[in-house]
Amino acid sequence: MAANHNMSPKQFEAEMRRWANTHVPKIGKAVHKAVTKAVYDGIVTKTPVLTGRARGNWYASLGAPSEQVGENTFGGSITGEPVTAAEKSMIKTVTDQLEGLPLGQSPAFVTNNLDYILRLEQGYSPKSPANAMVQNTIINTLDGLKVTIVPRGQ
């Protein structure tokens, strides 16, 4: 929007409405995409690995939390194992699906129903400090959220 200091209040209002109608949906989509990827990826990758079962049991769902408990294992049995190619592929598949949702369609949930997941979040594992998986991921995502909203000059 070029600076025009000779606009009437009505012209200014019309210009602001035009700008908002053009850019606000883009802003919402950009924020949605950045937050979705960062939160899901962060939670999964920050889950400590012993057998890999906790890391492999994060499920994304729409409308209501998943009640699923699976036998997925990610990260193998080696402590400190980095994210594997299979995990990266699974994370990308899930985040692509979540990113594709229309804004405001329904709430998205990331759940893990293993009976010991809360203990892991509370710091039970020596490999992960308390609140590292979920709470710190969300806080760090929101603190570090930087989205290019509108390229300069537009």
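The values are calculated or read from the model by the stated rules, or taken from the named source; none is laboratory data. For clarity, every value in this text was computed on a predicted model and none was experimentally measured. A quick note on method: Cβ atoms are made from the backbone with ideal geometry, for glycine too, and the neighbour counts reach across all protein chains shown.
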- So ASN4 clears everything in (1) at pLDDT below 80; (2) polar (S, T, N, Q); (3) assigned to a helix (DSSP H, G or I) except one condition, right? Which one? (3)
- Item | Residues (in a loop (DSSP other than H, G, I, E, B) and at pLDDT 90 or above) located in the stretch 124-148 | VAL134
- Message: Looking at THR36, THR51, THR22, THR47, can you tell me which residue is over 14 Å from ASN112 (Cα atoms), β-branched (Val, Ile, Thr) and in contact with a helix residue (DSSP H, G or I) (Cβ under 6 Å, 6 or more places away or on another chain)?
- Response: THR36
- Message: within 30 Å of HIS5 (Cα to Cα), in contact (Cβ under 8 Å) with a residue 12 or more places away in the chain and surrounded by 13 or more Cβ atoms within 10 Å (Cβ to Cβ): which single residue out of GLU15, GLU87, GLU99, GLU121 fits that description?
- Response: GLU15
- Message: If I filter the stretch 84-110 down to residues being closer than 13 Å to ALA60 by Cα and assigned to a loop (DSSP other than H, G, I, E, B), which single residue comes out as modelled with the highest pLDDT?
- Response: PRO107
